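See below for the structure under consideration.
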Amino acid sequence: MVFESVRKTLEEVAEIEDLDKKEEELLLSFERINKGKIELNGKKYSAFRIVHNDALGPGKGGIRFHPEVSEEETRSLAFWMSIKNSLAGIPYGGAKGGVKINPKKLNEEELEQLSRKYVMLFHKDLGKDKDVPAPDVYTNPKVMGWMLDEFERLKCRHEPGMITAKPDVLGGLSFRKSSTGLGGYIILRELSKKENLKNTKIAVQGFGNVGYHFSRFAFNNSYDIVAVSDSSGGVYDPEGLDISKIKETKEETGSVVNHEGKEITNKELLELDVDILVPAAIENQITEENMDDIKANHVLELANGPTTNKADDRLYQRGIMVIPDILANAGGVMGSYYEWVQNKVGGAFEPSYLKKRFKSKIEENFQRVYEFQQKKDIKMRNAAYILAIRRILKAEKARGHL
Ligand code: NAD
């Protein structure tokens, strides 16, 4: 994903909102770009931690360990986090980090060394009130636990709120692991009410953390998940799949394709005649190549960046409603927010209380964007961007920066 695509959406929004040059320049500028090299087994790997904007609060965003990590990608992802966090109405700016490395080639000891060295490199600019990381592609709660430990060792004090999605025993939130899928399901429920959807048939691409939890919540609440997939392919049953059984198959055999039902490719899954298509795997799945073959009436983007700019425009022309990633998958950062709040006050909340707050906040955000989009008659992605950008600019003005 290139920064050009961020620039293009911003241009569209700037025109609708009549933003002036100074506002546009501010939105395209970065608060902090930290980069360096991490040495592991005699080799050096590029590492980044970038804060896009922090007018609303400390930077917030994941750390990715992946061979494709670059400064440009990290900048785009940091920008996206500013938009997502602002839209979610939480007191965070946007940040992202990463190391250009293939973690699948590392053993456990090397992965721990990498995680600790990342914190040694950037710890001066991390912290609960400065910049708060979380997991992203190929990082997980275990990595967060090592990073927290390294940070606290360097600072000689406890500070659990410096990182989120850490193990529960270190101050993690019990429902953070399923919060992106849960948030997506709450949006599905609200969308069904608004659009009067009944007997909804859903296809889910990706059966990892997000895709599985989303499918589980939807299945348990009587939605028909007719197809799911992973990187090896997918399975389809027009009568609906039993998600708990699919999970068993995935755990026993390594892939959902081994489950009974018609075997389909990921390409076929995206083009199924369903009511809702849920990309929950990787970016760039709905593109110029297949944008005219999508048959779903709604696309609920749980993955980050699954639809390219051109395809997004085309789906809009074709009357297909896309619920954009920055709204649809914000359950993840919302879960992180409640974990952080709990860490700041010393863990005094009941999980049921936090879950209730979480649900009402997701519902409220969806309603706001949906209504604004209907009123303005624009793409839902642009509606979400406008609301998010307005809040960032308001904070910048209040600080006297504009
Ligand atoms: P994951 O690694 O747990 O799962 C990814 C799934 O996608 C796996 O089932 C994998 O087999 C499948 N997959 C990979 N390549 C594929 C391909 N080419 N075609 C079809 N399936 C493929 O990752 P995750 O945490 O579930 O994240 C999924 C997406 O959601 C990513 O875009 C991520 O950035 C986004 N996201 C995740 C969270 C979170 O809290 N985990 C929050 C916000 C957004």
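The values are calculated or read from the model by the stated rules, or taken from the named source; none is laboratory data. What you are looking at is a predicted structure, and each value in this text was computed from that prediction instead of being measured. Positions of Cβ are backbone-derived with ideal geometry, glycine not excepted, and every protein chain shown enters the neighbour counts. Only protein heavy atoms, including side chains, enter the accessible area calculation; ligands, DNA and RNA are left aside. Shrake-Rupley method; radii C 1.70, N 1.55, O 1.52, S 1.80 Å.
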* Asked: Within segment 130-142, can one find any residue that is surrounded by fewer than 17 Cβ atoms within 10 Å (Cβ to Cβ) and on the phi > 0 side of the Ramachandran plot?
  -> no
* Which numbered condition Glu288 fails, given (1) within 15 Å of the ligand (Cβ to nearest atom); (2) out of contact with any strand residue (DSSP E or B) (no Cβ under 7 Å at 6 or more places or on another chain); (3) in contact (Cβ under 8 Å) with a residue 12 or more places away in the chain -> (1)
* Asked: Could you say which residue among Arg176, Arg216 is buried (at least 19 other Cβ atoms within 10 Å of the Cβ) and modelled with pLDDT under 95?
  -> Arg176
* Filter segment 219-254 for residues that are open to solvent by less than 50 Å² (accessible area, probe 1.4 Å), hydroxyl-bearing (Ser, Thr, Tyr) and within 8 Å of the ligand (Cβ to nearest atom) and give the result. => Ser229
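Going residue by residue through segment 120-128, is there one that turns out to be buried (at least 24 other Cβ atoms within 10 Å of the Cβ) and not in a loop (DSSP other than H, G, I, E, B)? Give the derivation first.
Filtering segment 120-128 down to residues buried (at least 24 other Cβ atoms within 10 Å of the Cβ) leaves 126.
Going one step further and asking which of them are not in a loop (DSSP other than H, G, I, E, B), we end up with none.
No, segment 120-128 has no match at all.
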* Structure fact -> In segment 172-221, anything of a type in the set (A, V, I, L, M, F, W, C) and part of a strand (DSSP E or B) is listed as Ile202, Ala203, Val204
* Structure fact -> Lys8 meets each of (1) basic (Lys, Arg); (2) modelled with pLDDT of 95 or more; (3) open to solvent by 50 Å² or more (accessible area, probe 1.4 Å) with one exception, condition (2)
* To do: Scan segment 28-42 for residues that are outside any strand (DSSP E or B) and closer than 17 Å to Val99 by Cα and jot them down.
  => Asn41, Gly42
* Structure fact -> Checked segment 266-285 for anything hydrophobic (A, V, I, L, M, F, W, C) and either more than 23 Å from the chain's Cα centre (by Cα) or within 14 Å of the ligand (Cβ to nearest atom) (or both); matches are Leu269, Leu270, Leu272, Val274, Leu277, Val278, Ala280, Ala281, Ile282
* Asked: If you scan segment 193-210, which residues turn out to be surrounded by fewer than 24 Cβ atoms within 10 Å (Cβ to Cβ), in contact (Cβ under 8 Å) with a residue 24 or more places away in the chain and more than 9 Å from the ligand (Cβ to nearest atom)?
  -> Lys194, Glu195, Leu197, Asn199, Thr200, Lys201
* Ile378 in contact (Cβ under 8 Å) with a residue 24 or more places away in the chain and under 19 Å from the mean Cα position of the chain (by Cα) -> no
* Which one of the conditions (1) in a loop (DSSP other than H, G, I, E, B); (2) crowded, with 18+ Cβ neighbours inside 10 Å; (3) within 11 Å of the ligand (Cβ to nearest atom) does Val257 fail to meet, given that it meets all the rest? -> (1)
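So that you can scan it fast, the table gives a plain yes or no per residue for (1) within 14 Å of Tyr236 (Cβ to Cβ); (2) surrounded by fewer than 21 Cβ atoms within 10 Å (Cβ to Cβ); (3) more than 12 Å from the ligand (Cβ to nearest atom):
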{"position": "Ile264", "(1), (2), (3)": "yes, yes, no"}
{"position": "Asn297", "(1), (2), (3)": "no, yes, yes"}
{"position": "Pro306", "(1), (2), (3)": "no, no, no"}
{"position": "Ala311", "(1), (2), (3)": "no, no, yes"}
{"position": "Gln317", "(1), (2), (3)": "no, yes, yes"}
